[in-house]
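Scroll down for the structure; my scribbles are underneath it.
The values are calculated or read from the model by the stated rules, or taken from the named source; none is laboratory data. These numbers were taken from a predicted model, which means no experiment stands behind them. Virtual Cβ from ideal backbone geometry, glycine too; neighbours counted across all protein chains shown. These area figures cover heavy atoms from the full protein model, side chains too; ligands, DNA and RNA do not enter into them. Shrake-Rupley method; radii C 1.70, N 1.55, O 1.52, S 1.80 Å.
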Amino acid sequence: MAKCKEGVRMASRVKDVIKQFEQLAPKEYAEKWDNVGLMLGSIDSNVQKILVTLDVTLHVVNEAIEKGIDLIIAHHNPMFNPLANITLDNPQGKLITKLIKSEINLYCAHTNLDSCPGGVNDILADLLELTDVKVLDKSSQVNTFDQNVGLGRVGILPQETSLLEFIKQVKAALNIDSLRYVGNLDTKIKKVSLCGGSAASLINDAINIGADVFLTGDLKFHEAQDAENLGICLIDAGHFATEVPVVKKVAAYLQNSFSELEIIESKINTEPFKFI
């Protein structure tokens, strides 16, 4: 790894950054269906500036170009599904073409960053001040014997509270003004289950471990009805809000690991929904 001399930032290589980043979120922690790793670029490319973002949109790519970024590290992969073609007639084609023309490398860490210790879900649990935190979905530990790795978390609030007061706590922790919920606002909340992003598939896991509430995003109408009938409270705080705190964590981790590089948190809010 290159050292700084006389205040000039020296370059590392993409493979150096990947090696260090995967100490935090190893690729083997990703779910089998996931697509993680280096999506565009070369492991031997030089890196001086890294942009950390939740999503890769055209606005984020333009931000990267304006700031002279060499490597984008993102949570959501814009090429998650197989590509039939790359044309300038659609946003995805424009995005990929811009990245290639600008020689910007792209690395994505999705469910491995969700599942790893210190990742998306541990950050969410910390923000809510949960104690005795454990992995919620044991079936997601298929690629590791580490009991601290897996999707979702479950933990205990320091003090029992009402659903209404817990909702206020969630809003404050995630810096949001509104959210959706299922349940009676007077319900007592002590055991909290959660999974950042879109994780309605874990509602039954939350019920099975006796959680009072399950926090996630992107809940559908019938999923909410089923949970209501099964007697568990739900909070849908949004996909973006439940995952974006990881950006700051990843940026800090990389800056601590590569003091000679410039690590930048994206300033683009990629939440597509507007609330009134």
Restricting to Cα pairs below 8 Å that are 6+ residues apart, what does the relative contact order work out to for the chain? Please round to a whole percent. 20 percent
Solvent-accessible area of LYS15, probe 1.4 Å, all protein chains present, reported in Å² to the nearest ten, please. 80 Å²
So between LYS98 and ASN204, what do we pick up on full extension, going 0.36 nm a residue minus the alpha carbon distance? 33.9 nm
Nearest 20 debye, what's the magnitude of the dipole of the chain about its Cα centre given +1 on Lys and Arg Cβ and -1 on Asp and Glu Cβ? 600 debye
With each label point set 7 Å from Cα along the Cα-Cβ vector, what nm distance links SER162 and ASN85? 5.9 nm
What's the FRET efficiency of ARG180 with ASN269 using the Cβ-Cβ distance as r and R₀ = 25 Å, to the nearest 0.05? 0.80
Candidates per chymotrypsin sites (Phe, Trp or Tyr not before Pro) in the stretch 10-108, loop by DSSP, up to 14 other Cβ within 10 Å: TRP33, PHE80
Filtered GluC sites (Glu not before Pro), the stretch 128-193: DSSP coil and at most 14 other beta carbons within 10 Å: GLU129
For the stretch 226-247 versus the stretch 112-179, the gap between their alpha-carbon centres in whole angstrom: 11 Å
I'd like the chymotrypsin sites (Phe, Trp or Tyr not before Pro) in the stretch 120-194 restricted to DSSP loop residues with at most 11 other Cβ atoms within 10 Å, sorted by number. PHE145
